[in-house]
Amino acid sequence: MTLLSKMLVILSLFAPLPGAIAAQDAFPTGTAISLLQWQHFVPRYDAWFDNWAQAWGEANNVTVSIDRVNFAELPSSLAAEIDAGQGHTIIELPSSPASYIQGLHDLSDINKQALAMFGKRLDHCKAITYLSFIDVYYGFASGYSLNHGNYDIELWTEAGYPHGPKSYEDLLAGGRAIFQSTGIPVGIGISSEIDSEMANREVIWSFGGSVQDENENVVLNSASTIAAVKYLAQLQNEAMTAEVFGWTGASNNQALIAGEASFILNPDSAYRSLQKIDPAAAANIGFTPALLGPAGAFGGTHILISVIPAYVQGIQLQAAKQFILDFTANYSEVTYNSELFNLPCFPATVKELDSWLEKDPFGSVPADKFAILKTAIDRSVNFGYPGVSSPAIAQVYAEHIIPNMIAQVALGKKSAEDAVAQATERVEEIFAFWRAQNLVGGDN
C-alpha cells in the first residue's frame with residue numbers, strides 16, 4: 001500500500017459525508033482489539049479490509065489484529081471462545097449465532113446509534129439481530145449478501161426460457177428438460193450446509209410454509225410445507241443428481257463455474273469468480289430475483305453479523321463498538337471492494353448502489369446485469385421469516401433439520417407427511433427449551 005493511498009484511507013475514516021462519524025478522541029495507548037472473520041468469497045475484499053482496519057487502528061491509537069477461518073468453522077470457534085472466557089473481540093458470522101446469546105454483549109446501544117446516524121435499516125437486517133421477545137439486539141448487522149438465481153443463458157434459452165425461470169414451476173419444467181437433453185442438472189443443495197439451508201427455506205416460504213409464525217409459534221407441520229417438500233423431492237429426482245445430498249457451502253459455486261449446473265441460488269460470488277476465469281462464460285450467466293411459488297416470492301439473505309463476547313470489557317469494548325460503527329459509516333467502500341457482494345443494511349451508507357447495479361463497475365456484460373437485484377432486494381427476508389432469527393431458529397439451522405427432512409423424502413425413505421411431522425417434533429422441543437429460558441415467544 002503506497003503512502004498516498006494509506007493517507008487517503010485514513011482520511012476516508014473521518015470524511016464529512018452525510019451520516020459519517022466525526023473523528024473521536026484516540027483510545028489510550030495499549031488498547032487492542034482482535035477480529036475473527038470468514039475468508040471472503042471475493043479475494044480483493046480481505047486485502048482491502050486489512051488495509052482499512054490497520055488505518056483505522058493508527059487513526060484511533062488501537063492495535064487491530066485479524067484472523068480468518070472457513071465460514072463453516074465460525075460457530076464452533078465462537079462457542080469455544082465463549083466457553084473459555086477469552087478470545088477475539090469481534091466475531092463476524094454469515095449466519096445467526098443467536099443460540100449463543102447468553103455469552104454475548106447486548107448491542108442495543110450501537111444499534112440505536114446507527115439508526116440515528118444512518119437512518120432507515122432494512123427489515124431483514126433488524127430481524128436477524130433483534131430478539132423482540134426480550135427487546136435486545138444480540139448483534140449488529142452492517143450488511144448482507146443476497147440470494148438470487150444464477151442461470152446459464154444459453155441452456156435456458158434453448159429450453160424456451162430466454163430470461164431464465166421466473167417461478168418454481170418454470171425451474172422444474174425447464175430444469176428437467178435441460179437435464180434430460182444435456183445431462184446438466186439444476187444445482188440446489190439438500191445438504192447440511194448454509195446454501196442448502198437458505199435455498200430450501202426459500203422454496204418452503206414460496207409455498208406458504210415456514211418454521212415459525214410472526215409470533216414465534218412453531219407452524220412447520222402444514223399442508224404448505226408438505227407441498228414444498230414434495231416439490232423439492234420431485235426437483236431432485238427429475239432435474240438434479242445425488243451429489244446435492246453431500247454438497248458443502250462451496251459446491252454450488254464450483255458447479256456453476258465448471259458449467260455443471262444450469263441454475264443455482266446464490267449471491268454473486270460464483271459469478272465474480274467465473275468473470276475472472278472466463279469472461280465469455282460469465283457473460284453467459286444471467287440473474288433472476290427470487291422465484292415465484294404458490295404463495296409468492298421470497299429471497300433469503302445471508303446477514304453479516306458482528307457479535308462481541310461478554311468477556312470483552314472496558315476500553316476494549318468501547319473500541320470494538322466504535323470500530324463497528326466506523327466500519328458501517330464506510331460501507332460504500334465495503335460494497336465496492338466486495339464487488340457488490342456485501343450490500344448495505346443501511347441504504348444511506350451506499351448512495352452509489354443504484355448506479356452500480358445499473359452499470360456494474362467491474363465490467364459485466366451486459367453492463368446492467370446486476371439491475372435485476374433491485375427486484376431481488378425487494379423480495380428479501382430474514383432466516384427466521386416471518387418472525388425473527390431467535391436462538392431457537394439458530395438451533396434448528398445448526399441441527400440441519402430442514403435439509404435432512406427434505407433429503408429423507410427425496411431419497412424415498414419417508415413420505416413428506418411423515419418427514420415433516422417428525423421434523424416438527426424436534427423443532428417443537430427446541431422452541432420449548434428456549435422458551436423456558438425466556439428467550440423465545442409464542443406458546444407452542
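The values are calculated or read from the model by the stated rules, or taken from the named source; none is laboratory data. Given the structure is predicted, the values throughout are model-derived calculations rather than measurements. Glycine gets a Cβ as well: all are built from the backbone with ideal geometry, and neighbour counts include every protein chain shown. Surface areas here come from the heavy atoms of the whole protein model, side chains and all, with no ligands, DNA or RNA. Shrake-Rupley method; radii C 1.70, N 1.55, O 1.52, S 1.80 Å.
Some points to look at:
- Tally of residues being in a strand (DSSP E or B) and either modelled with pLDDT of 95 or more or open to solvent by 20 Å² or more (accessible area, probe 1.4 Å) (or both) across segment 282-300: 8
- The combined condition, being modelled with pLDDT under 95, open to solvent by less than 30 Å² (accessible area, probe 1.4 Å) and of a type in the set (A, V, I, L, M), is fulfilled by Ile303.
- Leading residue by the ranking (nearest to Gly149 (Cα to Cα)) among those in segment 362-383 that are out of contact with any strand residue (DSSP E or B) (no Cβ under 8 Å at 6 or more places or on another chain) and open to solvent by less than 50 Å² (accessible area, probe 1.4 Å): Ala371
- Unmet requirement for Ala371, which otherwise passes all of (1) under 26 Å from Leu172 (Cα atoms); (2) outside the structural domain of Gln37 (by TED's automatic domain parsing): (2)
- Residue match in segment 288-306 (condition: more than 28 Å from Pro97 (Cβ to Cβ), in contact with an Asp or Glu (Cβ under 7 Å, 6 or more places away or on another chain) and not hydrophobic (A, V, I, L, M, F, W, C)): no
- Counted residues, segment 150-173 - those being assigned to a strand (DSSP E or B), out of contact with any Asp or Glu (no Cβ under 9 Å at 6 or more places or on another chain) and crowded, with 23+ Cβ neighbours inside 10 Å: 2
- Matching option when the condition is touching a residue at least 40 places away in the same chain (Cβ under 8 Å), part of a helix (DSSP H, G or I) and out of contact with any Ser or Thr (no Cβ under 9 Å at 6 or more places or on another chain), among Arg176, Arg121: Arg176
- Among all positions in segment 59-67, there is at least one residue which is open to solvent by less than 40 Å² (accessible area, probe 1.4 Å), more than 18 Å from Tyr311 (Cα to Cα), touching a residue at least 60 places away in the same chain (Cβ under 8 Å) and part of a helix (DSSP H, G or I).
- Note on segment 387-404: residues that are hydrophobic (A, V, I, L, M, F, W, C) and either not assigned by TED's automatic domain parsing to the domain that holds Asp418 or not in a helix (DSSP H, G or I) (or both) amount to 1.
- Any hit, segment 256-263, residues being open to solvent by 40 Å² or more (accessible area, probe 1.4 Å), free of Cβ contacts under 8 Å to residues at least 24 places away in the same chain, small (Gly, Ala, Ser) and under 25 Å from Glu158 (Cβ atoms): yes
- Scanning segment 182-204 for residues that are under 17 Å from the mean Cα position of the chain (by Cα) and either in a helix (DSSP H, G or I) or over 15 Å from Asn404 (Cα atoms) (or both) turns up Ile194, Asp195, Ser196, Glu197, Met198, Ala199, Asn200, Arg201, Glu202, Val203.
- Across segment 414-444, the number of residues qualifying as open to solvent by 10 Å² or more (accessible area, probe 1.4 Å), touching a Gly at 6+ places or on another chain (Cβ under 9 Å) and modelled with pLDDT of 95 or more comes to 1.
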